[in-house]
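Each remark here refers to the structure printed beneath this line.
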Amino acid sequence: METAQLTEQTIETKRGISGSTIKIIAVISMLIDHIGAGILGRFLMNSNYMEIASSGDLNAVMRWMQDNGALFYTYSAMRMIGRLGFPIFCFLLVEGFQRTHNVGKYALRLGMFALISEIPFDLCFNGTILEFGYQNVFFTLFLGLLTMIAFDWIAKKEWVSGEVWNRVIKVVFSAAALAVGASIAHFLRTDYAATGVVCIMALYIFRRKKPLQIAAGCLVFLWEVTAPLAFIPIAFYNGKRGLKMKYFFYAFYPVHLFLIWLVCLLMGMGWNSPLT
């Protein structure tokens, strides 16, 4: 009887998918997206896509589509697949914040990889070594983490005597913290910018009730058609870490961006700016 109960508990524990599996899904989605943006996006620019698309000449557009339709639809499909990545990374950021033993080291790690990733990001998506018009997604995740830290600090502090006023002050200060985090992301023009920080915080606010968190996530990501599909694997997350590949996932981001740019360089397009 005891053995049967133990087996039942083990099956229940293993049911679902681990954090590392969800990360792999996000990484594959991101890789497909970035290959589409970095490589196919350059082919589209080289085929005068922007000039034809903005010309208003329907006949010219139809002729262009006859010659380049396969390229355009492949690019579009890869970008749509890529929309699954960011919601998963936002969810995992919230999970990581709740589970980390040292939030300072967690923030330092995100900030460090944001800086490391900026040159590969600019090379891949701008064809320049360094520019400040658009920053990589690690900066967005970093600002989202700082906003969660602020929310947590505000929630734990007793501001005044009296439960009602204490709640009001916490709501006001939390809203201010969100506004600051989103404004900095907007000002720095990070990937997903203010919207990215808002999406992270929506997942954080509803973190204690998984169905509400998934519903909130689908709602805030509706602006990207395929992004809500990311919450299908999230719904099956079993709360387990899975494979110990923490630094692989961090390092993968700048490394794969640099490799994509090298491929573009070998093809003679490395210093061109792609359609993104």
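Residue separation times 0.36 nm, minus the C-alpha to C-alpha distance between V180 and L243: what's the value? Working shown, then result.
Numbers: separation 63, 0.36 × 63 = 22.68 nm, distance 3.54 nm.
That works out to 19.1 nm of additional length.
Computed from the mean reciprocal separation of all distinct C-alpha pairs, what Kirkwood hydrodynamic radius does the stretch 17-266 have, in Å? Each step should come with its number before you reach the end.
On the way: mean 1/r = 0.0509 Å⁻¹.
Computed over Cα pairs of the stretch 17-266, the Kirkwood hydrodynamic radius comes out at 19.7 Å.
If you rank Y134, Y204 by fewest surrounding Cβ atoms within 10 Å, what's the result?
On the way: Y134 15, Y204 24.
In order of increasing Cβ crowding within 10 Å: Y134, Y204.
Karplus couplings for the stretch 193-207 from phi (6.51 cos²θ - 1.76 cosθ + 1.60, θ = phi - 60°), rounded to Hz, Gly and Pro as x?
Couplings: 6, 4, 4, x, 5, 4, 5, 4, 5, 5, 5, 5, 4, 9, 5 Hz.
What number, rounded to the nearest 500 deg cm²/dmol, is the helix-based mean residue ellipticity at 222 nm of the chain, given -39500 (n - 2.57) per DSSP H run of at least four residues and division by all its residues?
Working: 13 runs with 201 residues, N = 276.
Calculated at 222 nm, the ellipticity per residue is -24000 deg cm²/dmol.
Could you line up Y49, Y247 from fewest to most neighbouring Cβ atoms inside 10 Å? Walk me through the numbers before you get to the answer.
Values: Y49 19, Y247 10.
The order, fewest Cβ neighbours first, is Y247, Y49.
For I17, what residues show an amide H to amide H distance below 5 Å, using hydrogens built from the backbone and excluding near sequence neighbours?
For I17, whose amide H was placed from the backbone, the distant partners under 5 Å are Y237, N238.
List every residue whose amide H lies under 5 Å from the amide H of L243, counting only residues 5 or more places away in sequence or on a different chain, with H placed 1.01 Å from N in the peptide plane.
Close amide H contacts, sequence-distant or interchain: S20, T21.
Using the 10 angstrom Cβ neighbour count as an exposure proxy, how do D33, D67 rank, fewest first?
Ranking D33, D67 by Cβ neighbours within 10 Å, fewest first, gives D67, D33.
Throughout, read-outs are computed from the coordinates displayed, never taken from laboratory work. Quantities reported herein were computed from a predicted structural model and do not represent experimental measurements. Methodologically, a virtual Cβ is constructed for each residue, glycine included, from the backbone with ideal geometry; neighbour enumeration extends over all protein chains shown.
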